[in-house]
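S.K.: Here it is, the structure, as structure tokens.
The values are calculated or read from the model by the stated rules, or taken from the named source; none is laboratory data. Computed from a predicted model, the values in this text were never measured in an experiment. Neighbour counts are summed over all protein chains in view; Cβ atoms, including those assigned to glycine, are modelled from backbone coordinates with ideal geometry.
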Amino acid sequence: MTDLSAFSNSVSIIVPTLNEEENIIPLVSQIAESAVPFREILFVDDHSTDGTRDKIRGLARNQSIRLIEQDEAAVGLAGAIMSGARAAQGEILLVMDADLSHPPERIGDLLAPLFAGKADLVVGSRYVKGGSTPGWPIWRRMVSRAGAALAYPLTGLHDSMCGFFAISRSRLLELAPETSGFKIVFETMVRAGGALRVREIPITFRERIRGRSKMSLGIALRFFFRWVRAMFHHRVCGLYRRERLQDRPSVMCR
């Protein structure tokens, strides 16, 4: 088993926030209870209008916590994560939601394969054996499963929609688009084109207790159109490469 204590200065935990005032203190407490060493927790806040920023500032006075205030227009989840990645001091990034849906007790399981050199990206998955979404209504399970199924041909992942993952900072900055997209694991995998060694770790995805979900019809539609564009690129450019490979091996389709 990998000794994570040897990497205590290597891990930056990135948590995007938007109106999560009630969840900040419980989340930090649960991360501390996981007993996984880390260098810092980076909260990247996107225009919160409640007391989220004040809660974070209060904790930052005596803990390894930093607040990044995103006040530009149209930052979004992926943009917040990338801002955190650029500001992070650790070489390994652990990304999780602020709403307590991602289990902090599984942080060590996500980090271990990276430190052991067995994976480049480790994803918390609701849809591999051992994963679950207790309390979800049937319609939400169907929508989520449909999104995961649409993404699978492009990513090879059973759950590229979850958003609980670990990756090296350098790889994420190299591969991920800076501000596009909502589900950054999906974006990263599409951009990588099969170049990453990936492992999925089963997790229990908890239902939000406090605050309001950020998922909306608009977000779902943006993912759908991103999937259509990525699928077109995958099919058409793949065919183009195969047809041109012998005559012009240096041709690139971007």
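S.K.: Can you tell me which residue within segment 36-53, out of those that are surrounded by 22 or more Cβ atoms within 10 Å (Cβ to Cβ) and of a type in the set (Asp, Glu), is farthest from GLN89 (Cα to Cα)?
M.R.: Ranking the qualifying residues of segment 36-53, first place goes to ASP46.
S.K.: State all residues of segment 44-66 that are closer than 19 Å to PRO104 by Cβ and in contact with a Lys or Arg (Cβ under 7 Å, 6 or more places away or on another chain); if no residue qualifies, say none. So that I can check it myself, show each step before the final result.
M.R.: Keep residues of segment 44-66 that are closer than 19 Å to PRO104 by Cβ, which gives 44, 52, 55-56, 59-60, 63-66.
Passing the criteria: ALA60, SER64.
S.K.: Shifting gears a bit: Could you say whether any residue in segment 176-188 is surrounded by fewer than 18 Cβ atoms within 10 Å (Cβ to Cβ), assigned by TED's automatic domain parsing to the domain that holds GLY90 and modelled with pLDDT of 90 or more?
M.R.: Start the filter on segment 176-188 by keeping residues that are surrounded by fewer than 18 Cβ atoms within 10 Å (Cβ to Cβ), which leaves 177-180.
Filter again for assigned by TED's automatic domain parsing to the domain that holds GLY90, leaving 177-180.
With the extra rule that they be modelled with pLDDT of 90 or more, the set shrinks to none.
Checked segment 176-188: no residue is surrounded by fewer than 18 Cβ atoms within 10 Å (Cβ to Cβ), assigned by TED's automatic domain parsing to the domain that holds GLY90 and modelled with pLDDT of 90 or more.
S.K.: Mind checking which residues of segment 69-125 are over 24 Å from ILE201 (Cα atoms) and surrounded by fewer than 22 Cβ atoms within 10 Å (Cβ to Cβ)?
M.R.: Scanning segment 69-125 gives GLU69, GLN70, ASP71, GLU72, ALA73, ALA74, VAL75, GLY76, GLY79, ARG86, ALA87, GLN89.
S.K.: Of the residues in segment 86-96, how many are over 11 Å from the mean Cα position of the chain (by Cα) and hydrophobic (A, V, I, L, M, F, W, C)?
M.R.: The initial filter retains those residues of segment 86-96 that are over 11 Å from the mean Cα position of the chain (by Cα), namely 86-92.
When the remaining residues are screened for being hydrophobic (A, V, I, L, M, F, W, C), the result is 87-88, 92.
So the answer is 3.
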